[in-house]
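Data first, discussion second: the structure below is written as structure tokens.
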């Protein structure tokens, strides 16, 4: 399990190479017609308990872009080996709110959805033209005492694909896209690599806990997802 996670994490981190800590993602997601908005009914009514999903210094469970630094709330540099990636499963109601916000941004003439994947084109709707939300988690960085940690580069972590899909299954011509919400409320599509039953994501700089939403979309079958893509122009 740890070996396959390490392989996929290295692949998704390659998607982040070339992104600088101060670079803003490019608003290149084109407007799509959203036929419907669906949210997995398998999501719980209450948010789950926070879980330490990875230790930043452990190569088998996370990967860090070279040059990334970690700081506590008073600006002191923190050793990566003391930083934990904490994920908290979202509840159904909060996920439904995010789904509405994303759908509004997809059809708005004034709200941008930023593309931080490096891919020149991608879809956010499924084969039926629906915004299909599979899952949502909150991701934060914390030290050993549970204090919030900020980072200024790119970090990657992995989750089991079964935990993301729930009762859903990927069919031919379907894949998973991931988005996170910035502090200013705007949504960013982030790099995803799916392989060997693992979903790996790369997250740009953040401080406070961020929402990460997973979508079922049309696209390459997950066995065929490319692991090296050109970094986005900013």
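Numerical summary
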quantity: Stretchable slack from residue 169 to residue 51, in nm (0.36 nm times residue separation minus alpha-carbon distance); calculated: 40.0 nm
quantity: Ranking of 179, 111 by count of other Cβ atoms within 10 Å, fewest first; calculated: 111, 179
quantity: Taking segment 111-226 and dividing mean pair separation by its residue count, relative contact order in percent (alpha carbons under 8 Å, at least six apart); calculated: 41
quantity: Burial ordering of 171, 145, 101, fewest other beta-carbon atoms within 10 Å first; calculated: 145, 171, 101
quantity: Descending semi-axes in whole angstrom, ellipsoid equivalent of segment 79-212, from the Cα gyration tensor; calculated: 24, 18, 15
quantity: By average C-beta atoms within 10 angstrom, highest first, the peptides 125-136, 43-54; calculated: 125-136, 43-54
quantity: Reference-scaled alpha-carbon Rg (2.2 N^0.38 Å with N residues) for segment 68-136; calculated: 1.57
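No value in this document is a laboratory result; all are computed from the given coordinates. Quick caveat, the model's predicted, so the values are computed rather than measured. Neighbour counts are summed over all protein chains in view; Cβ atoms, including those assigned to glycine, are modelled from backbone coordinates with ideal geometry.
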